[in-house]
């Protein structure tokens with residue numbers, strides 16, 4: 001009988017989440033899963049991201065229960081409105097313009113599922129500087145916004161838009177490392 005060299009399964013296609021798990025030294029295998037990411041009527045952002053993270057972990061665990069499964073979800077919120085991934089270039093520009101000169105929140109939920117499921121939500125406040133329409137269009141044209149919640153990547157070119165962060169940089173990237181480490185330990189997974 002061979003032992004599995006992986007500590008967890010990751011139910012996410014996000015390269016940023018893989019980078020952050022690599023940073024923690026967590027060994028993982030990738031699971032391809034599909035979960036409907038539509039928000040429910042009148043669903044609060046906090047409930048939305050936690051529900052999706054838990055659903056991803058559950059679906060992953062049901063498909064391969066030999067390892068604990070980590071699921072995560074991130075959304076950008078302004079005025080209690082969830083900004084998902086943009087549907088088009090024009091939609092991405094609209095989202096960046098909506099964030100321009102304002103404070104918004106980034107909610108990231110993490111769930112780890114084995115015999116039970118533990119989860120948490122980390123919320124960060126992010127203040128963007130004022131951006132002209134042309135600056136927003138140039139950013140979107142650079143190509144890093146179309147697969148990101150809220151149409152921006154904190155670790156990319158959009159870092160130059162951010163005046164202030166109150167919260168977790170890794171959470172804004174998609175996996176809050178402090179909270180993830182705590183959940184991994186609660187799930188008896190070895191981590192620093």
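The values are calculated or read from the model by the stated rules, or taken from the named source; none is laboratory data. The structure displayed is predicted, hence computed values, not measured ones. Cβ: placed from backbone, ideal geometry, glycine included. Neighbour counts: every protein chain shown.
Annotations for the structure displayed:
- Residue in segment 84-92 that is closer than 30 Å to residue 181 by Cβ and either assigned to a loop (DSSP other than H, G, I, E, B) or in contact with a helix residue (DSSP H, G or I) (Cβ under 7 Å, 6 or more places away or on another chain) (or both) present: yes
- Selection within segment 125-138 - in a helix (DSSP H, G or I) and surrounded by fewer than 23 Cβ atoms within 10 Å (Cβ to Cβ): 133, 134, 135, 137, 138
- Candidates are the residues of segment 25-60 that are surrounded by fewer than 21 Cβ atoms within 10 Å (Cβ to Cβ) and assigned to a helix (DSSP H, G or I); the one that is nearest to the chain's Cα centre (by Cα) is 50.
- Residue identified as touching a residue at least 24 places away in the same chain (Cβ under 8 Å), touching a strand residue (DSSP E or B) at 6+ places or on another chain (Cβ under 8 Å) and closer than 12 Å to residue 93 by Cβ among 151, 136: 151
- Hits in segment 159-180 - residues which are surrounded by fewer than 24 Cβ atoms within 10 Å (Cβ to Cβ) and not in a helix (DSSP H, G or I): 162, 163, 164, 165, 166, 167, 168
- The condition (being at pLDDT 95 or above, assigned to a strand (DSSP E or B) and farther than 23 Å from residue 22 by Cα) is satisfied by just one residue among 105, 97, 122: 105.
- Residue match in segment 3-24 (condition: modelled with pLDDT of 95 or more, in contact with a helix residue (DSSP H, G or I) (Cβ under 7 Å, 6 or more places away or on another chain) and either assigned to a helix (DSSP H, G or I) or surrounded by fewer than 20 Cβ atoms within 10 Å (Cβ to Cβ) (or both)): yes
- Segment 4-38, residues that are over 20 Å from residue 154 (Cα atoms), in contact with a strand residue (DSSP E or B) (Cβ under 6 Å, 6 or more places away or on another chain) and in contact (Cβ under 8 Å) with a residue 24 or more places away in the chain: 6, 8, 9, 10, 11, 28, 29, 31
- Among the numbered conditions (1) under 25 Å from residue 184 (Cβ atoms); (2) in contact (Cβ under 8 Å) with a residue 60 or more places away in the chain, the only one that residue 76 does not meet is (1).
- Residue match in segment 146-153 (condition: surrounded by fewer than 13 Cβ atoms within 10 Å (Cβ to Cβ), at pLDDT below 95, part of a loop (DSSP other than H, G, I, E, B) and over 13 Å from the mean Cα position of the chain (by Cα)): no
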